[in-house]
Amino acid sequence: MKGSWVAIGLVAVLLSGCAGSSPPAPQREQAAMDVADSPVIGPRWRLILLGTDERWSGNQPAWFEVAPEGGTLRLVGSDGCNRLSGQVELDDGNRIRIQNLASTRMACPNMAEAQRANALLENAYRYLIDDDRLVFFGRDSRVLGGFQRTSAR
């Protein structure tokens with residue numbers, strides 16, 4: 001009888017140790033839902049500033065959109081010359097990671113501007129949204145550029 005109480009006590013101790021090791025599944029799902037509700041997802045964002053004060057001067061607008069696709073977030077857009085596509089990761093700390101950015105390879109008069117737009121997206125680490133403006137920051141907290149929400153498609 002004494003041995004069975006010891007066994008029950010050991011099982012209780014083991015189970016209590018497991019209970020504190022990770023948050024319950026509903027909390028983790030809630031965090032994922034918050035990211036999926038991010039205002040970055042859905043609208044078209046048109047590039048208006050490179051850095052803090054240099055207006056976009058490309059012949060064509062540079063823009064991007066983020067949409068859910070098969071359990072991931074997909075980026076589509078244009079660098080002002082070529083079409084873009086890639087994958088996006090967001091977290092609830094306003095961090096953004098744009099990966100596997102690919103583009104078509106057309107020659108354009110403003111290739112340097114297009115390359116700067118690509119670099120801005122590839123180096124984005126954090127974002128801030130204020131009304132209809134989206135600002136990307138690098139890992140060093142420097143402003144990489146700013147976008148404006150548009151309704152035009």
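A short reminder: the numbers here are calculations on the coordinates, not readings from a lab. Everything numeric here is computed off the predicted structure, so don't read it as measured data. With ideal geometry, Cβ positions are generated from the backbone for all residues, glycine too; neighbour counts draw on all protein chains shown.
Structural remarks
- 10 Å beta-carbon shell around LEU49, net charge (K/R +1, D/E -1): 0
- 15 Å beta-carbon shell around ARG142, net charge (K/R +1, D/E -1): -1
- For the stretch 71-88, 3J(HN,Hα) per residue [Karplus equation, 6.51 cos²θ - 1.76 cosθ + 1.60, θ = phi - 60°, Hz, x = Gly/Pro]: x, 10, 10, 10, 9, 10, x, 8, 9, x, 9, 10, 6, 10, 8, x, 10, 10
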